[in-house]
Amino acid sequence: MAVRYMGDKDFWDHKFTERDDRLMGPEKMILENSPFFQKGTLLDLACGDGRNALYFLKQGFEVTGIDFSRKALDRLRRFAAEHHYAVRTQELDLSHPDCLKEVGIYDNIVVNHYRLGKEHLGRIHLNLASGGLLFVCGFGHKHKEDPFIREEDLIMPSDFDHIDPSLKRIRYMEEEDQRGFLVAYLYRKTS
């Protein structure tokens with residue numbers, strides 16, 4: 001039986017409860033693309049326990065982390081407090097169609113290792129300030145079969161077919177490492 005790696009709240013609550021007190025480092029592709037991010041506010045969707053949120057907090061961003069795992073958000077708040085950073089968090093299930101309506105507008109939005117639904121990608125421009133950056137990264141369409149990653153969790157090029165025209169793709173990256181085949185899409189809001 002395959003583990004429901006992405007999309008199963010119970011799995012993630014258990015995983016974050018069992019993790020030790022070490023935080024993973026930020027996503028490599030975020031580090032490689034850090035010059036594209038605008039100083040200011042940042043929304044970290046499906047933030048987990050905050051490996052990327054903490055990186056951005058250290059860089060001086062005002063960060064809001066959203067996840068459906070209360071255990072993950074508890075860990076994020078604890079890690080932030082240990083470093084004397086203020087972070088906003090919100091428990092929210094991103095599988096609900098209207099979940100992003102009330103989250104606000106940000107200078108940057110990060111979606112890392114989560115496949116945001118096409119309907120959300122079609123409206124994400126409403127949560128992004130003019131000139132803002134949308135960064136989407138995760139396992140991509142060429143990822144080899146894996147018992148922990150379902151096909152429906154892979155980021156596909158077609159996911160972006162109906163993205164609002166105000167978002168212009170400024171960069172696409174793909175790489176393969178020990179974790180598998182990874183992609184990153186960077187969009188800038190032009191109006």
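Structure data summary
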| item | result |
| --- | --- |
| Relative contact order, percent, the chain [alpha-carbon distance under 8 Å, six or more residues apart] | 20 |
| Sulfur and carbon atoms: percent of accessible area, the chain [1.4 Å] | 51 |
| The chain: C-alpha gyration tensor shape, a/c 1.5 cut-off, then a/b vs b/c | rounded |
| Probe 1.4 Å, accessible area per residue of the chain, Å² | 50 |
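The values are calculated or read from the model by the stated rules, or taken from the named source; none is laboratory data. Bear in mind that the values here come from a model prediction, so they are computed numbers and not experimental data. These area figures cover heavy atoms from the full protein model, side chains too; ligands, DNA and RNA do not enter into them. Shrake-Rupley method; radii C 1.70, N 1.55, O 1.52, S 1.80 Å.
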